[in-house]
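Single-structure report; data block below.
The values are calculated or read from the model by the stated rules, or taken from the named source; none is laboratory data. Everything numeric in this text was worked out from a predicted model, so none of it was measured. Cβ: placed from backbone, ideal geometry, glycine included. Neighbour counts: every protein chain shown. Please note that ligands, DNA and RNA were not included when accessible areas were found on the heavy atoms of the full protein model with its side chains. Shrake-Rupley method; radii C 1.70, N 1.55, O 1.52, S 1.80 Å.
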Amino acid sequence: MKFINVSSEEARGDTVPLKAAQKASNVYLSKLWLTKEQYQQLADLYANAEVSSQEYRPESDSDQLAAASWLAAVGLDLDGRKGLGNRWSSRWSQESGKPKGEIIRKLFQWCASAVYLLPVEKQSTNHGISRLSDCGYPHESRNARLRHTPVPFTGCLAHAEVLYQKRTGKIMMTRGYFEHNQDCREAFLTRIPPMPLHPSVFEVALAQLHDGANLSDIQDKNRQMFRNCAYRGQPPDLRGSSFRWLMRKSDTRSLYRQFNRLRGVNTAQPSHLNIDEWLNPSSAAYNKGFAAAVFHYSARAAKDDRFEVCIATPEMKEASWKYAHGSQIILDGTFGLCDKKLLLFIVMGIDEKKRGVPLAFLLFSAPSGNQNTSSGYNTEILTRLLSRWQAALGSRHGTSFAPRVAITDTDLKERGALLNIFPSIWLLLCKFHLRQSWRNHRSRVLKGNSAYHSDVRTRLRRLEESLIKTTVFANAVQLLADERAALAGELDPAAREAIVGGHAHLDYLEAYWLSDALWCSWSDYGRMRAAELLGCPVDGVLPTTNHLESFNGVLKRKHI
């Protein structure tokens, strides 16, 4: 007969995170792969209450921080146990609770302690011990990757049972036996194993992540606290410590996984499923905060669909009206954001201190079958997402949101989308990208190293700078004609190759860049007209997209 203490809340019928029956349930030792001697030893430990058990409140940030730190310290990262140095193996799991499968109960075993092919409940007294040569379970039968363990079988009794919420990943209870026997501890010396990072280091790092710190800040504080011996439990003499206190690059995987768990991100399931649950009002995981920041979402439900998520927080929407309505914006795309085929286009404004302010993130997937992610977009998709952004901003005083000037790189698809949504907008081209395009073409058609090639290259560079400074279209046309005549007047046969390359570049400039509409976007006339529309000096008009290019670099290399 087993008596269970039931709380007054549960007795009244109130909803409680963890029921008394779940707390008092037995750990299924029969699911572990043990010798009969090990099984008896564990049964004695449980009978004498010599095992560990700790309950954590899902709604408590401090409890979840303690749980995440503890799991990371013992190497029991529920989602990331694929490293070669990790020796925890899942032996059994069960889903329960309402809604169905809300709580997951999972049993782990320190894999160096397992020797039998079958769990204890299926062993026969007539079977001898069949020891495995690696981690203690048959990899080949599971088609699993080989994971070498640096220790032989030692009869260690370490095991753990973890109860956690399936939807949020919040830890509810951990229990088990986490002590290693003497042979197991000594076996560590047979091959140099990775030393675990102390839980207090994880605690500080997780708290920093919660406050918005980036990885560099975390590493700097770790080094500083280590030098000052400021961590809880850090001994003055580290030679007697079984933990590490300085973070390595390899620790960030567990750190970010535990942080995601604290935030309720289930990293065990694909990202697009998480997002759909957060943004679906009928889902139990629906997140009002995320929904308020996402002004457009479209799931990829069929092969030809795109995954689309467009983000603008209330603060970003307010900044759009403050810094971009009737003013200037930058639009540019960035690629290589993650290991999926996703493209991100960012709309940015400029504040009163000339700093870039992100106004909207337009995130979408490349179409099915696309080989090059950076080319997986067109005017249609950009037009649709920009239209959603304008609609999300609404109108004020009877006026719809509309910037007066926009600057892009040399991509005509971005320009077309902007004109589709804001027909009266004045478009400029980034001078850096313009010169880069001209330089790249010039280099392709003028590949020689002779004095003639050098002279023609110099003449073309001067021409390009003169074209940018024009304020009358006819003058730009005349400059090109004059340069063509000058090249035609060169009669030296040795200069023929350079002259042909020069004419090819002039043809390129005339055919592609010297249309009236496009000239207005890259010439000084365009900037003067933009200053007129904005009511500011010409110096107040952005010449490049550098603000956004810089932000893209920080976003990808630092924050993400």
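Miscellaneous remarks
- Centre-to-centre, using Cα atoms only, the range 250-289 and the range 464-491 are separated by 58 Å.
- Dipole magnitude of the chain about its Cα centre (Cβ charges: Lys, Arg +1; Asp, Glu -1), debye to nearest 20: 880 debye
- Just the protein heavy atoms count here, and of the accessible area of the range 269-408 at 1.4 Å, carbon and sulfur take up 50 percent.
- For K322 and S60, a Förster radius of 25 Å and the Cβ-Cβ distance give a FRET efficiency of 0.05, rounded to the nearest 0.05.
- Averaged per residue, the chain has 52 square angstrom of accessible surface, using a 1.4 angstrom probe with ligands and nucleic acids left out.
- Accessible-area composition of the range 199-263, carbon plus sulfur, in percent [1.4 Å probe]: 49 percent
- Globularity index of the range 287-425 is 1.04 (Cα radius of gyration / 2.2 N^0.38 Å, N = number of residues).
- Long pairs among K413/K558; K170/K558; K221/K317; K23/K558; K106/K249; K166/K322, criterion Cα-Cα beyond 32 Å: K221/K317; K23/K558; K166/K322
- The stretch between A213 and S242 holds 7.6 nm of extra length on full extension. This uses 0.36 nm per residue minus the Cα-Cα distance.
- For the chain, the 222 nm mean residue ellipticity estimated from helices alone, with every DSSP H stretch of n ≥ 4 adding -39500 (n - 2.57) and the total spread over all residues, rounds to -11500 deg cm²/dmol.
- Here the simple spin-label model places points 7 Å from the Cα toward Cβ, and for K353 and I4 these points are separated by 5.9 nm.
- Screening the chain for whole DSSP H helices with an alpha carbon extent of at least 20 angstrom along the helix axis and a mean Kyte-Doolittle hydropathy of at least 0.0 yields 379-393, 473-488.
- A viscosity of 0.692 mPa s and a temperature of 37 °C, combined with the Kirkwood radius over C-alpha pairs in the Stokes-Einstein formula, give the chain a diffusion coefficient of 113 µm²/s.
- All aspartates and glutamates inside 20 Å of K340 as judged from Cα atoms, apart from same-chain residues fewer than 8 positions distant: D79, D276, E277, D304, D305, E308, D332
- Extension gain for S450 to E179 (0.36 nm times residue separation, less C-alpha to C-alpha distance): 89.9 nm.
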